[in-house]
Amino acid sequence: MTRKLKVKKQPLAKPLMLNKKRGHTCLLASGMAALVLLMVVLYGTIGPQQASGSILRPGYVLRGSPLYQLDLSWPRKPELFSGQVFGVAVNQNAGVVLVFSTEGEFLMSWNTTTLEMPHGIFLADAASANPTVWITDVGNGPYGHSVKQYSPSGKLLQVLGAPGKAGSGMNPLQFDQPAEIFVHPSGEMYIMNRLIKLSKDHEVMWMHGEKGQGMAQFYIPHSVTVDDYHRVWVADRGNKRIQVFNSITGEWLGTWGSCFSEDAPTPSANPRQELNTNQISLLEAPPVGLIGQCRVVSVIQLAEEVKPHLVDLDLKTGALYVAEIGAQQAQKFTPFRLGGNFL
């Protein structure tokens, strides 16, 4: 049974900026967090690598099958990062979330006093004439515990949740430090602090939210993405695992946990990152059927204290963008030439 949610619209405030300072959002979201596991699922055959060495630069080492190299030219103005960078999203048509182009040029930033502590960021309807930016706010002030939709220029369009009021209520809908949002092209949404699916009209379709270590239970669920095969991949941060669900029914499909430790089996095409080990790993995911056991294909070992937090993938070029809260920057990794299409 679905429940109609109340959506509150907030008045626009004066423009301001976004990075770890309160309210700063260059569309590389800032906020608070610790261990995070995020996956962007890749499919297809990866051809032979043409890597010339394993050292990308001091502190950046490739292990397993080297698929990516650090793009030292991106961004062109790294000094624009003034605090911890918590999230990054890719606009497939215009650049990286309207802040830097894919060539590394700074494009713009916008300021708003309607953000307490931005955390997750998602660009919806990127291919349309009217893309929008969704940002989760984990702050404890009057604008926190909510999910906000903005225009590309920073105009606040709507707010989901009850700003300033943490909770688990369903009508009106409440959040308690929502970590991330995924918006499907159909308009359906998947939002974390529990896993909740909303219709394009913001009706609850299904939800998993019980705290624990069992099947379909979470301890600090922190990131979510949906693949083309009706599977929802959830980073269950506190339990150091990924859980997978059917996007239509909400049915639990399986768990990956063995890859997420320092002595994990080696090598897989699913970027995910860990703050503990400062790694970005590519994991192999079957396109259909059971998810099976996780298998690591390639690992980028980052420098100590980099703390990669969230990633996004450019599906046109295969470029991987990483938000790093320890290094207080975002970086771009590009695929080695693979003798064919990356995806």
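The values are calculated or read from the model by the stated rules, or taken from the named source; none is laboratory data. Everything quoted here is computed from the prediction, not taken from an experiment. Using ideal geometry, Cβ is built from the backbone for each residue, glycine included, and neighbour counts are taken over all protein chains shown.
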Taking region 220-256 and the residues there that are among the acidic types (Asp, Glu) and under 17 Å from the mean Cα position of the chain (by Cα), the one that is farthest from Val288 (Cα to Cα) would be Asp236
Discussion item. Just checking, does region 138-156 include any residue being of a type outside the set (Ser, Thr, Tyr), outside any loop (DSSP other than H, G, I, E, B) and over 27 Å from Leu313 (Cα atoms)?
Written reply: no
For Val322, the lone unmet condition from (1) at pLDDT 85 or above; (2) buried (at least 24 other Cβ atoms within 10 Å of the Cβ); (3) within 24 Å of His230 (Cα to Cα) is (3)
From the option list Thr249, Thr277, Thr317, single residue qualifying as among the hydroxyl-bearing types (Ser, Thr, Tyr) and at pLDDT below 80 is Thr277
Residue set Ala216, Ala235; condition hydrophobic (A, V, I, L, M, F, W, C), assigned to a strand (DSSP E or B) and modelled with pLDDT of 85 or more; output residue Ala235
Selection from region 226-237 of residues surrounded by 16 or more Cβ atoms within 10 Å (Cβ to Cβ) and not hydrophobic (A, V, I, L, M, F, W, C) yields Asp227, Arg231, Asp236, Arg237
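Per-residue answers, yes or no, for (1) surrounded by 14 or more Cβ atoms within 10 Å (Cβ to Cβ); (2) within 17 Å of Val204 (Cβ to Cβ); (3) at pLDDT 90 or above:
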residue: Met117; (1), (2), (3): yes, no, no
residue: Ala127; (1), (2), (3): no, no, no
residue: Asp137; (1), (2), (3): yes, no, yes
residue: Glu180; (1), (2), (3): yes, no, yes
